[in-house]
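Undergrad: Here you go, one structure.
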Amino acid sequence: MSAESLFPRLEALLPKVQKPIQYVGGELNSTVKDWDEATVRWALMYPDAYEVGLPNQGVQILYEILNELPETLAERTYAVWPDLEALMRAEGVPQFTVDAHRPVRAFDVLGVSFSTELGYTNLFTALDLAGIPLEAVARTEADPIVLAGGHAAFNPEPIADFLDAAVLGDGEQIAIAITEVIREWKAEGRPGGRDGLLLRLAESGGVYVPKFYDVEYLPDGRIQRVVPNRPGVPSRVFKHTVMDLDDWPYPKKPLVPLAETVHERFSVEIFRGCTRGCRFCQAGMITRPVRERSITVIGDMVANGVKESGFTEVGLLSLSSADHSEIAEVAKGLADRYEGTNTSLSLPSTRVDAFNIDLANEFSRNGRRSGLTFAPEGGSERMRKVINKMVTEEDLIRTVTTAYSQGWRQVKLYFMCGLPTEEDVDVMGIADLARKVIKAGREATGSRDIRCTVSIGGFVPKPHTPFQWAAQCDHETVDRRLRELRNELRNDKQYGKAIGFRYHDGKPSIVEGLLSRGDRRVGRVIHAVWADGGRFDGWSEHFSYERWMKAAAEVGVDVDWYTIREREEHEVLPWDHLDAGLDREWLWQDWQDALSDVEVEDCRWTPCYDCGVCPSMGTEIQIGPTGRKLLPLTVV
Ligand code: SF4
């Protein structure tokens, strides 16, 4: 297929669409390499709009690493809004990359990063616009390998029929390895055709090729087994773990968006993994073990990223940033270094303790003291034990009292509704906590000018977590509990006006639940939803629960069976052949512990409790302290 730029044809459409600038490319630090000098070419997609997709760290990191390789190029593509989609269909303009506006179908690989399952319908749109057959079996050598990554790829079964391959875990090293396999296969004259390449990838054990596995079902609909259907394909596929983050200090040249995006800052990932053991948290479970970036490399990355991008805000990212073993030194070092400059620092941490406020105080030296967020997650002490969120009411009140008395006026509390074993009283406990927070704040400051916002998300049981066996709470119950909680807060004359309340209804969580724990049969629902106009399902203004339920009924998929049904210990789960390193028996025991309110410590500070990851993946916890300090930058 010709790789000529589509821009002349696209340009004619842009005056007719919203935010046309998102499609033009040419951002600071973007890269356009010579097409003919590359032997392996990647199109990288974040399956959402540019404003959400551009800041995505995973895509930015792979984009840079692949473009650094000789004879390799990578360009980016995002989901186009429905207004441009309609015009592209009318004018026959295919899905394009924003870097050189090349047709996506001309690339060797279309790598798609799924942070959430709600991006699946956007993949379908991109494939269809690109002219790539939706079903993997219908693709030819003229089509790219469609490869999924990201957290949702830990159970890609619902989109298995539409993918050629999926990779689990950290992408840096496996993206390079896949590139070399493709390069060799091409250099050898493409032996075995498309299947020959997929077989080479599958045989390594590090790339999952769904069509090389057959799924057999029991008469009652549960899975009997998943087995490879050709020799050389391993029965299990393993996740990838980058062991020394200091060796991978990306992004070195952060992309600076042309259009408005959800985050406009330079983000440095200060560690990967989390072993706090929150039972609802898929990210914490699948990214084990903890691997810290050293304080000196963090300092160098911040200095370099600010210089290369011109961003004035720096975010220190991770699943629980305040847990870095040298975070106090990092915070002080960076705050000293940038004091009095226009560079501000942020730490998106939600840990509930006074130490977190010390860090926030450091980071707010250059900025405003707006709001602090804490995440108790569960409204009652019992609920927090079930989810292994070791925060007591006393901890929370002590922490918010410190925050209010140190000048913070706004505290945000994050909770979930619909957790396993949850009862009405657990959710109403959120109102009690919020009232106590305001009371403590008023007493600490002597002022009524303080606020607390309660923000609630719906819980969705996820694969590779102890709650993977749990029944999801139905949306009627979630909605009723949240209505009652809202009324309780609204009717509170003493504290109600100081408490904000944000929540979403429970229906999107049911669809997310269907896609999270679904198997290959759920693919027909996604296809039917997409054919019926489903797009941008992560956006409330585009999401339609009715469309999903109608599609499920049409193709004969029982949504309740996938969502609100509790699974038994030995049921074969759709993702059991995909190995995140977690020992299944340990996960089951942790689920039983949850039901008995038994808590588990963090293995960073206590002995290993044998979750299975380190021995099976050949990894280890990597934490400091290193004892090093951040020095002020020399002004040149
Ligand atoms: S194997 Fe042990 S040390 Fe490694 S993540 Fe699991 S509990 Fe922690």
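Undergrad: Residue by residue, what Karplus-based ³J(HN,Hα) values in Hz, rounded to whole numbers, does region 350-357 have, using 6.51, -1.76 and 1.60 with θ = phi - 60° and x for Gly and Pro?
TA: So the Karplus estimates, Gly and Pro as x, are 10, 5, 9, 6, 5, 4, 4, 6 Hz.
Undergrad: Taking amide H positions as placed in the peptide plane 1.01 Å from N, state which residues far from THR373 in sequence (5 or more) or on other chains have amide H under 5 Å from it.
TA: LYS412
Undergrad: Another question, if that's okay. Between LYS252 and ARG486, how many nm apart are label points set 7 Å from Cα along the C-beta direction?
TA: 5.1
Undergrad: Could I ask something else about it? Provide, for q = 0.18 Å⁻¹, the log10 of I(q)/I(0) from a solvent-free Debye sum over equal Cα point scatterers in region 368-600.
TA: -1.26
Undergrad: What is the Cα centroid distance between region 299-375 and region 61-140, reported in whole angstrom?
TA: Value for the Cα centre distance between the two parts: 35 Å.
Undergrad: Determine ³J(HN,Hα), in whole Hz, for all residues of region 472-487 in sequence, where each value follows from phi through the Karplus function 6.51 cos²θ - 1.76 cosθ + 1.60 and θ = phi - 60°; x replaces Gly and Pro.
TA: 6, 6, 5, 6, 5, 5, 4, 5, 5, 4, 6, 4, 5, 5, 4, 5
Undergrad: Rounded to the nearest percent, how much of the accessible area of the chain (1.4 Å probe, protein heavy atoms only) is carbon and sulfur?
TA: Roughly 50 percent, rounded to a whole number.
Undergrad: What is the spin-label model distance, in nm, from ASP602 to LYS186 if the labels are put 7 Å beyond Cα along the C-beta direction?
TA: Modelled inter-label distance: 4.5 nm.
Undergrad: Next question, about the same structure. Remind me, relative contact order of region 368-600 in percent, using alpha carbon pairs under 8 angstrom and six or more residues apart?
TA: Answer for region 368-600 is 22 percent.
Undergrad: A further question follows. Restricting to region 7-238, compute how many DSSP beta bridges are antiparallel as a %, nearest 5.
TA: Antiparallel: roughly 30 percent of the beta bridges in region 7-238.
Undergrad: Express in whole angstrom the spacing between the alpha-carbon centres of region 556-601 and region 217-248.
TA: Centre-to-centre distance over Cα atoms comes out at 17 Å.
Undergrad: Toward the positive end of the charge dipole of region 16-169, about the Cα centre and with charges on Cβ (Lys, Arg +1; Asp, Glu -1), which of VAL109, GLN18, THR77 goes farthest?
TA: After comparing all options, I get GLN18.
Undergrad: Mind checking the full-extension length gain between ASN229 and GLU135? Use 0.36 nm per residue of separation minus the Cα-Cα distance, one decimal, nm.
TA: This chain segment gains 32.0 nm when fully extended.
Undergrad: Strictly greater than 44 Å: what percent of every Cα pair in the chain meets that?
TA: 19
Undergrad: Kindly write out, for region 120-125 in residue order, the coupling ³J(HN,Hα) from the Karplus curve 6.51 cos²θ - 1.76 cosθ + 1.60 (θ = phi - 60°), rounded to whole Hz, with x marking Gly and Pro.
TA: 4, 5, 5, 4, 4, 4
Undergrad: For region 41-81, which GluC sites (Glu not before Pro) pass both filters: DSSP loop (anything but H, G, I, E, B) and at most 13 other C-beta atoms within 10 Å?
TA: Here the sparse-neighbourhood loop sites are GLU71.
Undergrad: Out of region 78-141, which GluC sites (Glu not before Pro) are coil in DSSP terms and have no more than 13 other C-beta atoms within 10 Å?
TA: Within region 78-141, the qualifying GluC sites (Glu not before Pro) (loop, at most 13 other Cβ atoms within 10 Å) are GLU135, GLU141.
Undergrad: Still on this structure: Which angle from 0 to 90°, rounded to the nearest 10, does the C-alpha axis of helix 393-405 make with the longest principal axis of the chain?
TA: For helix 393-405, the angle is close to 80 degrees.
Undergrad: Out of all DSSP beta bridges in the chain, what portion is antiparallel? Express it as a percent rounded to 5.
TA: Beta bridges within the chain, antiparallel portion: roughly 20 percent.
Undergrad: For region 7-238, what does the convex hull of the Cα positions come to per residue, in cubic angstrom?
TA: 130
Undergrad: If you count, for each residue, the other Cβ atoms within 10 Å and average over each peptide, how do 447-458, 24-35, 273-284 line up from highest to lowest?
TA: 273-284, 447-458, 24-35
Undergrad: How much length, in nm to one decimal, is gained on full extension between MET390 and SER2, taken as 0.36 nm per residue of separation minus their Cα-Cα distance?
TA: Result for the pair: 134.0 nm of gain on full extension.
Undergrad: May I pose another question? For a quick check of your reading of the filter: which trypsin sites (Lys or Arg not before Pro) in region 287-384 sit in a DSSP loop and have no more than 13 other Cβ atoms within 10 Å?
TA: ARG368
Undergrad: Got the relative contact order for region 7-238 handy, in percent, Cα pairs under 8 Å and 6 or more residues apart?
TA: After rounding, I find 16 percent.
Undergrad: Just the number please: accessible area per residue for the chain, 1.4 Å probe, all protein chains included, in Å².
TA: Value returned for the chain: 39 Å² of accessible area per residue.
Undergrad: Mind ordering 189-198, 550-559 by average Cβ neighbours within 10 Å, highest first?
TA: Output ranking for 189-198, 550-559: 550-559, 189-198.
Undergrad: With axes computed from alpha carbons, what is the tilt in degrees of helix 545-555 against the longest principal axis of the chain, rounded to the nearest 10 within 0 to 90?
TA: 40
The values are calculated or read from the model by the stated rules, or taken from the named source; none is laboratory data. Note that the structure is predicted; figures quoted are calculated from it, not measured. In this analysis, Cβ positions are derived from the backbone assuming ideal geometry, glycine residues included, and neighbour counts consider all displayed protein chains. With ligands, DNA and RNA removed, areas are computed over all heavy atoms of the protein, side chains included. Shrake-Rupley method; radii C 1.70, N 1.55, O 1.52, S 1.80 Å.
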